[in-house]
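The next block holds one structure in the form of structure tokens; read it before the comments.
The values are calculated or read from the model by the stated rules, or taken from the named source; none is laboratory data. All values reported here derive from a predicted model rather than from experimental measurement. In this analysis, Cβ positions are derived from the backbone assuming ideal geometry, glycine residues included, and neighbour counts consider all displayed protein chains. Accessible surface areas use protein heavy atoms only, side chains included; no ligands, DNA or RNA. Shrake-Rupley method; radii C 1.70, N 1.55, O 1.52, S 1.80 Å.
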Amino acid sequence: MCGIVGAIAKRNTVPILLEGLKRLEYRGYDSAGLAVVDGGALRRIRSTGRVAELEKFAQADAVSGALGIAHTRWATHGAPEERNAHPHVSGGVSVVHNGIIENHDAMRERLRAKGYAFVSDTDTEVIAHLVHSNLQGGRSAEHTLFDAVKKSVAELIGAYAIAVVSESDKSCFIVARHGAPLLLGLGDGENFAASDTSALIQVTQRVVYLEDGDVAEITLGGHTICDARGNTVARPVFVSQLTAGAVELGPYSHYMQKEIFEQPMAVANTLEMVTNAHSVAPQLFGADAEEVFRDIDSVLILACGTSFHAGMVARYWLEGFAGIPCNVEIASEYRYRDSVPDPKALVITISQSGETADTLAALQHAKAIGHRHSLSICNVPESALLRASGLRFLTRAGPEIGVASTKAFTTQLAVLALLTMVLAKLRGRLSAEGEGDLLDSLRHLPTALASVLQVEPLVKVWAEKFAGRHHALFLGRGIHYPIAMEGALKLKEISYIHAEAYAAGELKHGPLALVDEHMPVVAIAPNDALIEKLKSNLQEVRARGGELHVLADQDTRMTASDGVHVIRMPDHAGILSPILHTIPLQLLAYHAALQRGNDVDKPRNLAKSVTVE
Ligand code: G6P
């Protein structure tokens, strides 16, 4: 979703701003822009194309300046047109914004009454006029841009991260955050701000994470942060572990491809702490985890998108092995529902980004209605979600750039399997032998993932056929039903083929009516307790002319025939089977999208980090 970069330096900041925007492209956007203060005058360029196009405009117009802000916009209020692209301008003030201002209508009326004219459909434009009006004509000892922004944000309702420059003051830019990510980057005699660390990797690794309610003034020599109560505060400086190599494509054609093939390493890194262990300990989830885990009597999982599917898989593990009641709910539904809190429930939020507005709000809601215990499983260190949770586990998948989540999902599942082991052990449901066996399975997982990746050429043949279809149906049973859901989500996200997932037993209650020779059906068919039931469901499909694409285990008795295509999984992983079965489905979506000529890493209309509700 929208990305922000800001810079103040003794050199031209335009290349820094553009490089930062390129590194934020993965978040999803439909227009881009930047504004610099160039010799005392504000210059702005905007484009509804890619950042590369904005770069051409900047070169053609010789835009440069030692102070600037830049933005990639993912449209919420107003179509993706140039007049709605950021930065927005009011007099000499320019603003970029990520988030949604909820009271923009009332503010627009007030500002119109003061004589301000609006030229866009955005909520952001009100911020530009508001800051301009609060600045009252320029810098004086009592009335700085910093003061004007502090005064302005106090009037805003909603979620935002903003960056502001004014041509009347070349010595600083101002940022503020409330419910949307923003951090400062500290350089040597130059300073920066951005939505995430990857945007600044080319200039600094020293970052300061702003808290909600913070407003900061950034100058050449340093920064000053005011918290929500107006007190000047010092926030800790972190040295980001992110390396430029981690966000480079290397030999791959797309980030999604890279990330699919990084899964053995991503899972190995995530499980590093248990690789050499003979047993699992609650402390893997935080110093207080044992006390919390002993107090809980149920689990409530809240998440969105692919992370929600990880939660659905976990329910089968947590109830089946740890014997602990588990509910899984879509965060955007939970946050607005009157639910009955269980103070003894462990609220688990799962998120690759740790920024998803609905998941963050769902956690806040859960706490507000009386939940005391929380655990976050997340791939981004220092993300808002990790900081808001009592217990935390950082998946170590490395930066995930492709919008469609892949390695974040399988690492989430690995952690959820580990959590199941810990809870099962604490509840007396895991013998020492069982623990040893499961640890062996976890250790074997990276190798098993690597061998499953070898099915790519076979999946590619399926994908070539899928690419010409309009619809697809994914079937699974039990713990593989959520994997079918994930397969369908991947396909629709990047290939734009309409895909549905069904628990195979439910087929005859509706979706069977859709099945004919034009409907390819993918079935996830591991050799588990439900395999015979699944086979009967597949017969129902075949009898209606549906073409079956079956992902079977080596020992699943299922043979290819006319209209029945079988790929045998080269390895199996016992209860971890859902993790392995995810891989061919990711590859299917990837190759189908490629065949259709889609932008695999940046699918239309979607964003990587959904920081608005
Ligand atoms: C977006 C992404 C998905 C992701 C979902 C939840 O829709 O495109 O890949 O699954 O958000 O994001 P989260 O960061 O909370 O896992």
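Which whole-number value in Å³ per residue fits the convex hull of the alpha carbons of the chain? Let's see the in-between values first.
Working: hull volume 95.3 nm³, N = 613.
For the chain, the hull spanned by Cα atoms encloses 155 Å³ per residue.
Run through the DSSP bridge list for the stretch 455-595 and note the antiparallel percent, rounded to the nearest 5. Mind dumping the intermediate values first?
On the way: 1 of 21 bridges.
Expressed as a percentage, antiparallel bridges in the stretch 455-595 total about 5.
To the nearest 10 degrees, how steeply does helix 14-24 sit against the main Cα axis of the chain, on a 0 to 90 scale?
So the inclination is approximately 20 degrees.
Could you give each residue of the stretch 577-591 its phi-based ³J(HN,Hα) in whole Hz, using Karplus coefficients 6.51, -1.76, 1.60 with θ = phi - 60°, and x for Gly or Pro?
After applying 6.51 cos²θ - 1.76 cosθ + 1.60, I find 3, x, 5, 5, 5, 5, 4, x, 6, 5, 5, 4, 5, 4, 6 Hz.
Need one word for the stretch 455-595: rounded, prolate or oblate. Basis is the Cα gyration tensor (sqrt eigenvalues a ≥ b ≥ c); a/c below 1.5 gives rounded, then a/b vs b/c decides.
Values: a/c = 1.38, a/b = 1.08, b/c = 1.28.
The shape class here is rounded.
At 1.4 Å probe size, with every protein chain present, just tell me what the per residue accessible area of the stretch 455-595 comes to in Å². Write out the running numbers ahead of the final one.
Details: 5330 Å² over 141 residues.
On a per-residue basis, the stretch 455-595 sits at 38 Å².
Suppose we keep just the DSSP beta bridges with both residues in the chain; what percent of those would be antiparallel, to 5?
Values: 63 of 104 bridges.
Roughly 60 percent of the beta bridges in the chain run antiparallel, per DSSP.
Under the rule of -39500 (n - 2.57) per DSSP H run of 4 or more residues, summed and divided by the residues of the chain, what mean residue ellipticity at 222 nm is obtained, to the nearest 500 deg cm²/dmol? Mind dumping the intermediate values first?
Numbers: 19 runs with 214 residues, N = 613.
Helices in the chain give a 222 nm mean residue ellipticity of -10500 deg cm²/dmol.
Over the Cα atoms of the stretch 326-404, what radius of gyration and what Dmax do you get, in Å?
12.5, 37
What residues from the stretch 414-432 fall in the zone where the backbone N is under 17 Å from a label point 7 Å along the Cα-to-C-beta line of Q283?
422-423, 426, by backbone N distance to the label point.
Whole-Hz ³J(HN,Hα) for each residue in the stretch 97-114, computed from phi via Karplus 6.51 cos²θ - 1.76 cosθ + 1.60 with θ = phi - 60°, x for glycine and proline: what do you get?
Each residue's phi maps through the Karplus curve to give 8, 10, x, 9, 8, 6, 9, 5, 5, 4, 5, 4, 4, 4, 6, 4, 4, 7 Hz.
Gain in length, N605 to R294, computed as 0.36 nm per residue apart minus the alpha-carbon separation, to one decimal in nm?
107.6 nm is the gain from fully extending N605 to R294.
In terms of Cα to Cα distance under 18 Å, which aspartates and glutamates are near enough to K492, apart from those fewer than 8 places away along the same chain?
E464, E500, D599, D601
How high is the relative contact order of the chain? Use alpha-carbon pairs under 8 Å, at least six apart in sequence, and give a whole percent.
Numbers: 1397 pairs, mean separation 73.4, N = 613.
The value is 12 percent.
Could you work out how much longer the chain between A117 and A79 gets when fully extended? Use 0.36 nm per residue separation minus the Cα distance between them, nm to one decimal. Intermediate values should be presented prior to the final figure.
On the way: separation 38, 0.36 × 38 = 13.68 nm, distance 1.90 nm.
Full extension from A117 to A79 adds 11.8 nm.
Set the Förster radius R0 to 30 Å, insert the Cβ-Cβ distance between F57 and T219 as r into 1/(1 + (r/R0)^6), and round the FRET efficiency to 0.05. Don't jump to the answer; show the numbers that get you there.
On the way: r = 28 Å, r/R0 = 0.94.
FRET efficiency, F57 to T219: 0.60.
What span do the alpha-carbon atoms of the stretch 298-355 cover on each of the three principal axes, reported in whole Å from largest to smallest?
Computed over the Cα atoms, the extents are 30, 24, 14 Å.
For I301, enumerate residues with amide H under 5 Å from its amide H, sequence gap 5+ or separate chain, H modeled in the peptide plane.
Sorted by chain and number, the residues that satisfy this are N327, V328, E329, I348.
Rg (Å, one decimal) plus Dmax (Å, integer) for the alpha carbons of the stretch 3-247?
Spelled out, the Cα radius of gyration and Dmax of the stretch 3-247 are 16.2, 52 Å.
State the Cα centre-to-centre distance between the stretch 354-386 and the stretch 10-82 in whole Å.
Each part reduced to its Cα centre gives a spacing of 32 Å.
Normalise the Debye intensity by I(0) for the stretch 478-535, one equal point scatterer per Cα, no solvent, then take log10 at q = 0.15, 0.20 Å⁻¹ and round to two decimals.
Taken in order of the listed q values, log10 I(q)/I(0) reads -0.46, -0.81.
Using DSSP to define loop residues, name the GluC sites (Glu not before Pro) in the stretch 468-566 whose beta-carbon has at most 14 other beta-carbon atoms within 10 Å. Could you put the intermediate results ahead of the total?
Numbers: sites: E486, E493, E500, E506, E517, E532, E540, E547; in loops: E517.
Here the sparse-neighbourhood loop sites are E517.
What FRET efficiency do you get for D227 and S64 if R0 is 30 Å and r is their Cβ-Cβ distance, rounded to the nearest 0.05?
Working: r = 35 Å, r/R0 = 1.15.
Taking R0 as 30 Å, the efficiency between D227 and S64 is 0.30.
Beyond a 25 Å Cα-Cα separation, which of these cross-linked pairs lie in this structure: K258/K425; K344/K490; K465/K535; K22/K151; K367/K425; K407/K535? Before the final figure, lay out the partial values.
On the way: K258/K425 36 Å; K344/K490 35 Å; K465/K535 23 Å; K22/K151 32 Å; K367/K425 27 Å; K407/K535 30 Å.
The answer is K258/K425; K344/K490; K22/K151; K367/K425; K407/K535.
What number comes out for accessible area per residue over the stretch 255-430 if the probe is 1.4 Å? Units Å², please.
On the way: 6040 Å² over 176 residues.
About 34 Å² of surface per residue is accessible.
Using Cα-Cα distances under 8 Å and only pairs 6 or more residues apart, what relative contact order does the stretch 3-247 have, in percent?
Details: 604 pairs, mean separation 47.9, N = 245.
The value is 20 percent.
I need the peptides 233-241, 38-46, 117-125 ranked by packing, meaning the mean over residues of other C-beta atoms within 10 angstrom, with the highest value on top.
Values: 233-241: 12.3, 38-46: 16.8, 117-125: 19.0.
Ranking, from highest mean packing down: 117-125, 38-46, 233-241.
For a paramagnetic label modelled at 7 Å from the Cα of A560 toward its Cβ, which residues of the stretch 442-481 fall within the zone defined by backbone nitrogen distances under 18 Å?
452-467
Roughly how many percent of the accessible protein surface of the stretch 3-247 is carbon and sulfur, given a 1.4 Å probe and a whole-percent answer?
Values: 4420 of 8960 Å².
Carbon and sulfur: 49 percent of the exposed surface of the stretch 3-247.
Given 0.36 nm per residue, what is the gain on full extension from D516 to E211 after removing their alpha carbon distance, in nm?
On the way: separation 305, 0.36 × 305 = 109.80 nm, distance 5.43 nm.
Contour length minus Cα-Cα distance gives 104.4 nm.
Find out how many positive minus negative residues lie around I162, taking Lys and Arg as positive, Asp and Glu as negative, among other residues whose Cβ is under 14 Å from that of I162. Each step should come with its number before you reach the end.
Values: positive: R73, K150, K151, R177; negative: D123, E125, E155, D212, D214, E217.
Surrounding charge for I162 is -2.
Which whole-Hz ³J(HN,Hα) couplings does the stretch 37-42 yield from phi under the Karplus relation 6.51 cos²θ - 1.76 cosθ + 1.60, θ = phi - 60°, glycine and proline marked x?
Per-residue couplings from phi come out as 9, 10, x, x, 10, 7 Hz.
Let me have the relative contact order for the stretch 455-595, percent, based on Cα pairs under 8 Å that are six or more residues apart.
Values: 263 pairs, mean separation 44.5, N = 141.
After rounding, I find 32 percent.
Between 0 and 90 degrees, rounded to the nearest ten: what's the tilt of helix 124-135 against the longest Cα principal axis of the chain?
Its long axis makes an angle of about 30 degrees.
Please give every one of the lysines within straight-line cross-link reach of K533, meaning a C-alpha to C-alpha distance under 22 Å, and leave out same-chain neighbours fewer than 8 residues apart.
The reachable lysines, counting only those whose Cα sits under 22 Å from K533, are K508.
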